[in-house]
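Down below is the structure, laid out as structure tokens.
The values are calculated or read from the model by the stated rules, or taken from the named source; none is laboratory data. Only a predicted model underlies this, so the values are computations on that prediction, with no experimental measurement involved. Because the Cβ atoms are built from the backbone with ideal geometry, glycine has one as well, and the counts that use them run over all protein chains shown. To get the accessible areas, we keep the full protein, side chains included, count just its heavy atoms, and leave off ligands, DNA and RNA. Shrake-Rupley method; radii C 1.70, N 1.55, O 1.52, S 1.80 Å.
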Amino acid sequence: MDYLENIESLAYFSPEIVLVVFAAAVIILDLLVKNRESEKTAYLSLVGLGCSLVAILLTNSILGTDESKNLFFGMIRLDGFAVFFKVLLLLATAATILFSLRSEELDARLKGEYYALLLAVTFGMFLMASSTNLLMIFISLETVSLTSYILAGFLTHSPRSSEAAFKYITYGAVASGTMLFGLSLIYGMTGTGDLAAIGQQLPIVLAEGQVTTLGILIAITFILAGIGYKIASVPFHMWSPDVYEGAPIPITAFLSVASKAAGFALFLRFFFSGFGNSEVMQSIDLGLLLAIVSALTMTIGNLAALPQRNVKRLLAYSSIAHGGYILMGAVLLTNGDAAIVDKGIGAIIFYLIVYFFMNLGAFYVVVLIANEAGTEMIEGYRGLSSRAPLVAGAMAIFLASLIGIPIFAGFFGKWVLFTAVIEGNLYWLAFVGLLNSVVSLYYYARILKAMYFESAEDTERFSFSKGTFALLSVFVVPTLLIGLLNIFYSLSEKFTLQ
């Protein structure tokens, strides 16, 4: 395998370099601007994200659709997989910045550091999606974690935010140490940190009796602690509800989508590249372990969401449950059939796209209602259909999609996942997923009930700008359009003339 040297790699590393440069520029601009409440740093951050996106497209066009490059002597890889996740992460960061501009809970005087940290955490997530070496995997994970801790506790005047940051750091430190121990075990077994070399070496040392299946399973379990912490899978989910509730709402939205997407990118990269050999997968029975984790994650997430009255906390448990759904597709990576593996990866990617629009859209409504009603509780949504009918309608669309009601994008995301799992002969897991979708109907319906069937004490209408509705439509339209396009495509196939 050809590895590019450091200098040769810089041209392909330009999207990450752009992010670092603009993060530094944001800090410098924040020092120079006399008006501490200026929004120039936000706009400069958006420009940085745009330049990074252009750099991604340029490097991808130079690279070609079927090629990949191993940069910095194989530390990271640039391929179509990395490009997809980088674009998704850039869009999530851009949405977070736009949410932050409309959020009233953030201190405007501290937003320069805030936007610089957002660019920095995006840089770390880029590395997570591209890392192909054990050392780079750990460095990228820590880069994301350290910046996320600060962002979670950014509301320094709020004890709840400080508590969130403290719990985030505590759980993160334990997960990072556990993962590092697992990575060291894998390195000791194979003598290499390169994922491709690990995938080739593991079957050899296993066949020669140098390592045991139990040893590999223990190492993988420790590594899953670190990755499971980022995707908030059971039993590494305990930090998520408290952190999501205490963090600023835009950061909660960012963590629920971008952090989860980066975590799954790392998960797919690590297990597909390092443990893609079906012999190793089947010998340690990793598929059963992942299936159990998936079932527990979606079940505990949904059951814990049932009694919640705080919408942020409710959506936090909902995010855990959706992570369980996505893990259903990850289970298929252990299947010996290449076609099933491809369907599992495709199902995960499609669901992440769908989840991006419907979950960020729901959190944007939470930002708007928190600004107007001054609360994050379900009671603040009472009578929303009469006080802000368009916002209520948008929230209804997002919630219906999160439930998985037909026509909406969420239904087709779950359909792709469930059908892939059924084709992998995991009928029981698909049944558990279906039951959990039914359970989720209850707590999402409570918000719908408050909006359309309950009256608020204050009947004064909420006022929103045209820009607010324009941004809201960015999430509403794809949530509807993805579903409608799937229906039209199915009908066109059904009624095609022979």
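Could you state how much accessible area Y187 has, in square angstrom rounded to the nearest 10, with a 1.4 Å probe and all protein chains kept in place?
Approximately 120 Å² of Y187 is accessible to the 1.4 Å probe.
Roll a 1.4 angstrom probe over the protein heavy atoms and tell me the percent of accessible area of the chain that is carbon or sulfur.
The C+S portion of the solvent-accessible surface of the chain is 67 percent.
Pairs of Cα atoms under 8 Å, at least six residues apart: use those to get the relative contact order of the chain, whole percent.
Over the chain, the number comes to 12 percent.
I want to check the label-to-label distance for S386 and R309. Put each point 7 Å from Cα in the C-beta direction and report it in nm to one decimal.
2.3 nm
Of the listed peptides 113-126, 421-434, what is their order by residue-averaged count of other C-beta atoms within 10 Å, with the highest listed first?
113-126, 421-434
Near the amide H of I405, under 5 Å away, which other amide H atoms are found, from residues 5 or more places off or on another chain, if H is placed in the peptide plane?
The list, which skips near neighbours in sequence, is F411.
Could you please put H157, H237 in sequence from largest to smallest accessible area, using a 1.4 Å probe? Can you show the working numbers first?
Numbers: H157 130, H237 30 Å².
Of H157, H237, the descending order of accessible area is H157, H237.
In nm, what is the difference between 0.36 nm times the number of residues separating V54 and R160 and their Cα-Cα distance?
Working: separation 106, 0.36 × 106 = 38.16 nm, distance 3.86 nm.
Value of the extension gain: 34.3 nm.
Expected output is a single nm value to one decimal: the length gained when fully extending between F453 and E142, i.e. 0.36 nm times separation in residues minus the C-alpha distance. What is it?
107.4 nm
Between R461 and N425, what is the label-to-label distance in nm when each label sits 7 Å out along the Cα-to-Cβ direction?
Each label point is offset 7 Å from its Cα along the Cβ direction, giving 6.1 nm.
On a 1.4 Å probe surface of the protein chains, which of Y351, Y317, Y452, Y442 comes out largest in accessible area, and what is the full order? Walk me through the numbers before you get to the answer.
Details: Y351 0, Y317 30, Y452 100, Y442 135 Å².
The most accessible residue leads, giving Y442, Y452, Y317, Y351.
Modelled label-to-label distance, A339 and L110, 7 Å Cα→beta-carbon offset: nm?
Here the modelled spin labels are 5.6 nm apart.
Mind giving me the FRET efficiency for A207 and S68? R0 is 30 Å, r the Cβ-Cβ distance, nearest 0.05 is fine.
Working: r = 29 Å, r/R0 = 0.95.
Efficiency for this residue pair is about 0.55.
If you place +1 on the Cβ of every Lys and Arg, -1 on the Cβ of every Asp and Glu, and leave all else neutral, what size is the dipole of the chain about its Cα centre, to the nearest 20 Debye?
Using only the charged Cβ atoms, the result is roughly 1000 debye.
Past 22 Å, Cα to Cα: identify those pairs from K86/K466; K167/K312; K260/K343; K167/K260; K414/K449; K40/K260, in the order given.
Flagged as over cut-off: K86/K466; K414/K449; K40/K260.
Gain in length, L434 to L217, computed as 0.36 nm per residue apart minus the alpha-carbon separation, to one decimal in nm? The partial results should precede the final answer.
Values: separation 217, 0.36 × 217 = 78.12 nm, distance 2.92 nm.
Full extension of this stretch gives 75.2 nm more.
With the contact rule set at Cα under 8 Å and sequence spacing of 6 or more, what percent relative contact order holds for segment 285-498?
Averaging sequence separation for qualifying contacts and normalising by length gives 26 percent for segment 285-498.
Per residue, what volume in Å³ does the Cα convex hull of segment 118-234 take up?
Cα-based convex hull of segment 118-234, divided per residue, equals 88 Å³.
Kirkwood Rh, segment 285-498, all Cα pairs: how many Å?
The Cα-based Kirkwood calculation yields 18.1 Å.
Projected area of the chain, taken from the Cα convex hull and averaged over every viewing direction, in nm²?
24.6 nm²
With every protein chain kept in place and ligands, DNA and RNA left out, what is the accessible area per residue of the chain? Probe 1.4 Å, answer in Å².
On the way: 19580 Å² over 498 residues.
Per residue, the chain has 39 Å² of solvent-accessible surface.
Provide, in order from the shortest bin, the percent of all Cα-Cα pairs of segment 199-320 in each 10 Å bin, continuing until the bin that contains the maximum pair distance.
Calculated over all Cα pairs of segment 199-320, the distribution is 13, 39, 26, 15, 6, 1 percent.
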